[in-house]
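The structure appears below as structure tokens.
The values are calculated or read from the model by the stated rules, or taken from the named source; none is laboratory data. Everything quoted here is computed from the prediction, not taken from an experiment. Cβ: placed from backbone, ideal geometry, glycine included. Neighbour counts: every protein chain shown.
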Amino acid sequence: MKKIIVSQSIIYDKKTKTFKDTLDYRLIKFLYKNNIIAYPFPNYDLNEKLIYKIIDNYFRKDNFLGFILSGGNDIGEFKKRDKTENSIIKFCKKKKLPILGICRGMQMLSHHYGGTLRKIKNHVRTRHEIFSLINKKKIIVNSYHNWVIKKCPKVFNKCFFTKDGSLESIKHKTLPIEGWMWHPEREAKYSKYDIQNFKKLFKIS
């Protein structure tokens, strides 16, 4: 089976007063169903240069297809997660490795390249139709986010929108980097569209 490194969200355990990295089991299951083993990557409380070296060490020892920036947490909520994911993006840019940003992951991709966010209502625990400006395709997706991209960096193509005008997916113009605001792992039946595009991004036959 192939391997992909996945970033993790952070939770605070009030009982033990400790911060813990966490990864939604549904994402692990989604990857496993597509013959992928998920390798959770810790959030390091180090400077970005040291985190970059740790990432490089991962790739020197093993063969990974690329990275997934998972959902959970707002940007700025935990600085060590922001630093960790910034280092991941820098590494993938240099090595031209694939990245899929899911929900917060898409926001982080935009933020890294200088984009801005805005708050939005009625996008949490709901489903809505999104449409492509490129080929007019329409799909129904889940939605679990309070923030959307306000200003999209010029390095990305804007791929899907909702009827209220919020941007739902982006694709880098020259690198294998994509962002989806929906969660492919949270579907009772996985979307054929999501699987097809996931495999295309990571070059899985």
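For region 167-205, which positions are buried (at least 21 other Cβ atoms within 10 Å of the Cβ), closer than 19 Å to ILE4 by Cα and β-branched (Val, Ile, Thr)?
The answer is ILE177, and nothing else.
So which residues in region 111-131 are of a type outside the set (Gly, Ala, Ser) and part of a loop (DSSP other than H, G, I, E, B)?
TYR113, ILE120, LYS121, ASN122, HIS123 - these are the residues of region 111-131 that are of a type outside the set (Gly, Ala, Ser) and part of a loop (DSSP other than H, G, I, E, B).
Name the residues in region 132-169 that are in a strand (DSSP E or B), under 20 Å from LEU27 (Cα atoms) and in contact with a helix residue (DSSP H, G or I) (Cβ under 8 Å, 6 or more places away or on another chain), would you?
Correct list: ASN142, TYR144, SER169.
From the residues in region 31-58 that are touching a Phe, Trp or Tyr at 6+ places or on another chain (Cβ under 8 Å) and in a helix (DSSP H, G or I), which one is nearest to VAL124 (Cα to Cα)?
Within region 31-58, the match that is nearest to VAL124 (Cα to Cα) is LYS33.
Looking only at residues in region 103-162 that are out of contact with any Ser or Thr (no Cβ under 7 Å at 6 or more places or on another chain), within 21 Å of PRO176 (Cα to Cα) and β-branched (Val, Ile, Thr), which one is modelled with the lowest pLDDT?
Among those that are out of contact with any Ser or Thr (no Cβ under 7 Å at 6 or more places or on another chain), within 21 Å of PRO176 (Cα to Cα) and β-branched (Val, Ile, Thr), it is ILE134.
What are the pairs, 6+ residues apart or on separate chains, where a residue within region 34-50 that is polar (S, T, N, Q) has its Cβ under 8 Å from a residue that is assigned to a strand (DSSP E or B)?
From region 34-50, the pairs are ASN35/LYS2; ASN43/SER7; ASN43/ILE10; ASN43/ASP21.
Would a scan of region 123-132 turn up a residue that is buried (at least 18 other Cβ atoms within 10 Å of the Cβ), farther than 21 Å from ILE204 by Cα and not small (Gly, Ala, Ser)?
yes
Applying the selection to region 79-110, what residues are in a loop (DSSP other than H, G, I, E, B) and surrounded by fewer than 19 Cβ atoms within 10 Å (Cβ to Cβ)?
The one that is in a loop (DSSP other than H, G, I, E, B) and surrounded by fewer than 19 Cβ atoms within 10 Å (Cβ to Cβ): LYS96.
Going by the structure shown, is PHE67 of a type in the set (Phe, Trp, Tyr), at pLDDT 95 or above and in contact with a Phe, Trp or Tyr (Cβ under 9 Å, 6 or more places away or on another chain)?
It is true that PHE67 is of a type in the set (Phe, Trp, Tyr), at pLDDT 95 or above and in contact with a Phe, Trp or Tyr (Cβ under 9 Å, 6 or more places away or on another chain).
Please name all residue pairs, on different chains or six or more residues apart, with Cβ atoms under 8 Å, provided the first residue is in region 60-72 and is outside any loop (DSSP other than H, G, I, E, B) and the second residue is aromatic (Phe, Trp, Tyr) and modelled with pLDDT of 95 or more.
Note: pairs meeting the criteria are PHE67/PHE41.
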